[in-house]
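See below for the structure under consideration.
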Amino acid sequence: MRERRIAAAAATEASRQLERMEAPAEAGVGTAAAESPGKAGVQAAAAESPGRARVGTAAAELPGEAGVGTAAAQSPGEAGVGTAAAELPGKARRPVGKPVYVELAMRCTLEELWRHTQQPELHERWDARFSSIRYLPRGEGEAQRFVYTTRIGFGLAIEGSGATRERTGPDGVRVSALQFQSPQKLSLIRSGAGFWRYEPGERPGELRFLTRYTYSTRFGVVGRLLDRFVFRPLMGWATAWSFDRLRLWLEKGWPPELTLRLALVHAVTVALLSGLWLYEGLVPKLLLPSPEELRLLHGLGFGPEAARASLAALGVGEAALGAALLLGRSAGLLCWQGVLLAVLAAGALVSRPEQLAEPFNALTLTLPMLGLTAVALLARPFAPRAGRCRRRPSAAGAAQGRSDTDSSSRSLDGTDASINER
């Protein structure tokens, strides 16, 4: 109980400090926070600067909560360096790990973007992190509560709940702050918070849509390690991929269901091409040198020793190309490997043209691979790509974020000390 009182008092003092920073004459921290009457619990929103472990907090109470929660705070002038970091009702747990940050420019209207991100039936169509989202009844002045489900396969699903509040600044910038939690023991995420920010982009008619969020985990040290090296990178990738999927929907009019299918087509064809190159490079050339492959090189004028050395070098090159296709997936690499396919097939047919009478030959292998290359290139423009998103704030935004976080952290240091003395 004493720890809970200390946490609540610290969050309340942080709220006062950040409210003072919000004065119009300053470039302080804008918060999406509000307090619900009749509750003693406080919800804290963190503004965290990249590269720092210090967290400044602002208080906001969501209805029905009696513990410590969070909302989001961000400097209006920065490039999206705010974060909502969090602890949910009844828990004094700090988030661990680096916050997830994703930013993407989109050419659409603010109302279109707001509608596609705030209406559950539209949101769940483009966001790969959720299978379903449902809003709960909302009273006047209350936060919007919601429940969500994420299917993870094998008949299993993660369920959770959360609450969100919206705020529009004097410059028209909108912020939607949220907190979320899952009571399921199966869920690695215990609780967390974050925000979405909608602001004008650098070019006319362009919007900048960004998010930053963090969360606390279950399962102790094992959970933290799993989150750091597997789950959090996957969450960041899924967020960025979903943002680009939303962009294609708003800019091109391509439904999320279509882009998902074409993304799968692209991924499968590239994986097949990669697997074929890896097999052709490793098995018949490096691990088990094929007599047929050596005969093809002899037919091109190579001696026995030169043929073996050339076959091994060719195997290394093909295996490296297969790995590069799997990791890179660039359009240029797809085109170049198509050209290489044609060159290798032509060399094999010149060396031994009689192989065309055999059931499996260079031509029957090359043509399907060229077909896969064409399919991958055709599907690529329709496939969302996480790489289109910015994953770190700009330098100017990071500097502003550090300044705001330093000032709020210094105020909190004194507050914590005075509370502990009592």
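For M369, the shell of other residues with beta-carbons less than 13 Å away shows a net charge of -2, using +1 for Lys and Arg and -1 for Asp and Glu. Label-to-label distance for L226 and A374 is 4.6 nm, based on points extended 7 Å past Cα in the beta-carbon direction. For segment 203-281, a Kirkwood radius taken over Cα pairs fed into Stokes-Einstein (4 °C, viscosity 1.567 mPa s) yields D = 81 µm²/s. Which parts of segment 365-396 would a label at C335 reach, counting a residue when its backbone N lies under 19 Å from a point 7 Å out along Cα-to-Cβ? Inside the label zone: 370-383. For R125, neighbours were defined as the other residues whose beta-carbon sits under 10 Å from its Cβ, and their charges (Lys and Arg +1, Asp and Glu -1) total -3. Full extension of the chain between E166 and Y135 yields a length gain of 9.7 nm, computed as 0.36 nm times the residue separation minus the alpha carbon distance. Assign one of three labels to segment 294-347, namely rounded, prolate or oblate, based on the Cα gyration tensor with a ≥ b ≥ c the square roots of its eigenvalues; rounded applies when a/c is under 1.5, prolate when it is not and a/b is larger than b/c, and oblate otherwise. Taking the square roots of the gyration eigenvalues as a ≥ b ≥ c, segment 294-347 is oblate. Think of each Lys and Arg Cβ as +1 and each Asp and Glu Cβ as -1; about the Cα centre, that makes the dipole of segment 260-382 roughly 400 debye. Extents of segment 260-382, largest first, come to 50, 28, 21 Å (Cα atoms, principal axes, whole angstrom).
The numbers here are math on the coordinates, done by the rules we state, and not lab data. The shown structure was predicted, so the numbers you read here are calculated from the model rather than taken from an experiment. Counting neighbours? That spans all protein chains shown, and the Cβs are built from the backbone with ideal geometry, glycine included.
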